[in-house]
Amino acid sequence: VQLQASGGGLVQTGGSLRLSCVASGGSLSRSTVGWFRRGPGGTRTFVTSLSWRGEIPRYADSVKGRFTISRNNAENAVYLQMNSLKPEDTAVYYCAARLGSTSDTRTSAFSTWGQGTQVTVSS
């Protein structure tokens with residue numbers, strides 16, 4: 001499976017963006033999907049994930065109430081709706097997937113990664 005992320009851009013504080021991640025070469029229907037981000041000079045950190053079993057999504061505390069992950073198995077895609085964006089949300093955002101269910105939010109728990117899309121929030 002290959003993942004292609006898109007939708008990043010430049011937005012002002014308080015604005016919104018919707019990231020998309022489309023899979024090819026395989027189905028995401030039985031995979032846990034997630035989003036991670038890497039800020040300037042930082043490491044890749046967990047943002048959110050959603051298992052294929054339809055369990056309650058997991059979110060990093062820093063994005064709870066502002067970000068929403070969703071998936072569309074028919075489109076073989078996962079989305080990240082980001083609202084009330086803050087400058088500290090500025091990062092490269094990566095979508096990721098792994099077969100089966102997991103509650104593990106470490107990067108090592110995900111086997112397949114997209115190329116990343118830049119999100120910049122201006123103050």
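Orientation-averaged projection of the range 76-123 equals 4.3 nm² [convex hull of Cα atoms, one quarter of hull surface area].
Here the Karplus curve 6.51 cos²θ - 1.76 cosθ + 1.60, taken at θ = phi - 60°, turns the phi angles of the range 42-52 into couplings of x, 9, 6, 10, 5, 10, 6, 8, 8, 7, 6 Hz, with x standing for Gly and Pro. Over all distinct Cα-Cα pairs of the range 49-114, the Kirkwood formula returns a hydrodynamic radius of 13.0 Å.
Using a probe of 1.4 angstrom and keeping all protein chains present, the accessible surface of the range 1-121 works out to 49 square angstrom per residue. Ligands, DNA and RNA left out, the 1.4 Å accessible surface of the range 61-123 is 45% carbon and sulfur atoms. The modelled label-to-label distance between R30 and N73, using points 7 Å beyond Cα along the C-beta direction, is 1.1 nm.
For a modelled paramagnetic label at R53, 7 Å from Cα along Cα-to-Cβ, the residues of the range 98-123 in reach, with backbone nitrogen under 12 Å, are 100-104.
The values are calculated or read from the model by the stated rules, or taken from the named source; none is laboratory data. Source: prediction; values computed, not measured. Cβ atoms come from the backbone with ideal geometry, glycine included; neighbour counts cover every protein chain shown. Remember, those area values only see protein heavy atoms, side chains included, never the ligands or the DNA or RNA. Shrake-Rupley method; radii C 1.70, N 1.55, O 1.52, S 1.80 Å.
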